Amino acid sequence: MTNSTNAAGANQTGLQNLIPRPAYAAPAAGKFRLAPQAAIRVDPPSADLVALAGYLADRLRPATGYALAVVPADQAPAGGNILLATSGGDPALGEEGYELIVEPAAVRLWAAGPAGIFWGIQTFRQLLPPAIESLQSQAGPWEIPAGVVRDWPRFGWRGVMLDVARHFFGVEDVKRCIDLAAYYKLNRLHLHLTDDQGWRLVIESWPELARTGGATAVGGDPGGYYTQADYAELAAYAQSRFITLVPEIDVPGHTNAALAAYPELNCSGIAPEPYTGIEVGFSSLCISKEITYRFLDDVIGEVAALTPGPYLHIGGDEAKSTPPADYVQFIERLQSIVQARGKLMVGWEEISTASLLPSSIPQAWASDVSKKAVQQGCKVIVSPGNRTYLDMMYDENCPLGLHWAGYVEVRDAYDWAPADLVPDIPESAILGVEAPLWSETLHTIRDIEFMAFPRLAGIAEIGWSPAAGRSWDEYRLRLAQHGPRLSALGVNFYRSPQIDWI
Ligand code: NGO
């Protein structure tokens, strides 16, 4: 890839169609053919590698119908088989990097740790014919062109956000999102768990949050919530896909569902009616009441205890009903609560006006205010609305979505660079990128898929791939080759007229 062309109509090898584009890839002569008796060898036969081999076998078995036994490397010859190895993996490729060598005789995947093996498995899947993703048995042959890939990510934070507050999506839907995100090497799933229209996680010490606050959704649609067991299951499932779950409890604004559940959280002491519209900026926790901070300590405490990852997102956006001085004081107090619970605070860009710890992370979405956080030593997640918001309509005919940040076609979502957004936020201050999917207009997993794909693949590439050597003109050719893959995965994707789908 770095040293081969990708011109339109050229004989496209699998290596040239990978998304995200690998840091280095070079084709070689010949092909590897996966045969019915192939095994997956692991070295060492550690629990991690056996689980990863099982994951790979599960992906390959439905279409191939092959048994694909998982065996310790020293119990099967290399020939005809797939090796997954952390022994001998190159630490220079980093925690998420990997090396994949495909030769006619065998496939070998090395990494310093399990995350690299997992991402290398995604590359291997993408090298096989698209029909490999089918859940029904397919004809094959299961061949992949020989070559070498040495690959590692550009950014450590490659995220997607799902708003389960405006409309609720159940555990199985979220698991599907996790699997599709993993296919494009995303490593963060930010769950927007609370908003004016719904509170979606049981908090044992404040049970009405989910019971009352979880009952509603936009447009009077059915609500719903996760039990703590559901949430723990999602966190563990994400972890098994090397994705860190980032829970968001949005405060002090976007809190009507909580305020409706507990009158004492209101300055007036009176609970508002539940809210099912899509306006923003009208609700606020009562900054001056001590019970607000007891509430936050309880909620943050339970969410922190349930969350294996290091991050806790506190929202902080559009607190238009909280005076600016109160807002700053509130965020600083909340930062101490999050810190005391052992987590790193993430918040929407508005938190940058407060005094922040350098480990706190603003998420830029609509302005350049995050530069105030960068001046304090913080690193930023970039989620510009006019590039990464997956809820923006593709064009004026799009049946779903909003368009306050403009129409976001597939090219808009791909053809930009994080460091070009704000002059005062250089690449060294950027932790990574994230694509938020807000759900005001979405009802089903089919809706989620339509808005996320194919734009999310482009955001994933911006997060993973070096800028050098890639461009919209060649990306659109690679993306065209992903149509059959997305179809085989059963994804309801938007067939953008900007792409000559094959
Ligand atoms: C804004 C707002 C959300 C909306 C979304 C719709 C942020 C950070 N706050 O983004 O409440 O759902 O736009 O696009």
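Tabulated data
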| read-out | value |
| --- | --- |
| DSSP bridge pairs, the chain: antiparallel proportion in percent, nearest 5 | 30 |
| Zone residues, the stretch 333-362, relative to K289, backbone N less than 16 Å from point 7 Å out along Cα-to-Cβ | none |
| Average Cα contact separation per residue, the chain, under 8 Å, 6 or more apart, as relative contact order % | 14 |
| FRET efficiency, 1/(1 + (r/R0)^6) with R0 41 Å, evaluated for A468 and L357 via beta carbons | 0.75 |
| Span from the the stretch 237-285 Cα centroid across to the the stretch 120-141 one, whole angstrom | 42 |
| Mean-position separation - Cα centroids, the stretch 353-382 and the stretch 433-490, in angstrom | 27 |
| Helix 290-306 vs. the chain, principal-axis angle (Cα, 0 to 90°, nearest 10) | 20 |
| For the stretch 85-115 versus the stretch 30-80, the gap between their alpha-carbon centres in whole angstrom | 15 |
| A139 paired with S46, simple spin-label distance in nm, labels 7 Å along Cα-to-beta-carbon | 4.3 |
| Per residue solvent-accessible surface (Å²) - the chain, probe of 1.4 Å | 35 |
| Accessible area of the stretch 388-437 belonging to carbon and sulfur atoms, whole % at 1.4 Å probe | 51 |
| Stretch gain in nm, segment S367-D500, where the contour uses 0.36 nm per residue and the Cα spacing is subtracted | 44.5 nm |
| At R0 = 35 Å, FRET efficiency that the Cβ-Cβ distance of S205 and D173 yields, to 0.05 | 0.80 |
| Label-to-label distance, nm, for residues given as E396 and V71 (7 Å Cα→Cβ offset) | 6.4 |
| HN-Hα J in Hz across the stretch 467-482 - Karplus 6.51, -1.76, 1.60, θ = phi - 60°, x for Gly and Pro | 6, 5, x, 10, 7, 4, 4, 8, 4, 5, 6, 5, 4, 4, 6, 8 |
| Net charge of neighbours whose Cβ lies under 9 Å from the Cβ of L191, counting Lys and Arg as +1 and Asp and Glu as -1 | -1 |
| Among beta bridges that DSSP assigns inside the stretch 13-151, antiparallel share in %, nearest 5 | 60 |
| Exposure rule at most 15 other beta-carbon atoms within 10 Å, DSSP loop trypsin sites (Lys or Arg not before Pro): the chain longest free segment | 1-288 |
| Under Karplus coefficients 6.51, -1.76 and 1.60, residue-wise ³J(HN,Hα) of the stretch 445-456 in Hz, glycine/proline x | 4, 4, 5, 4, 4, 5, 7, 7, 10, x, 4, 4 |
| Using alpha-carbon coordinates, inclination of helix 228-240 to the longest axis of the chain, degrees | 30 |
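The values are calculated or read from the model by the stated rules, or taken from the named source; none is laboratory data. Keep in mind that this is a model prediction, so the values were computed, not measured. Using ideal geometry, Cβ is built from the backbone for each residue, glycine included, and neighbour counts are taken over all protein chains shown. For the accessible areas, the whole protein counts, side chains as well, though only heavy atoms, and no ligand, DNA or RNA atoms are used. Shrake-Rupley method; radii C 1.70, N 1.55, O 1.52, S 1.80 Å.
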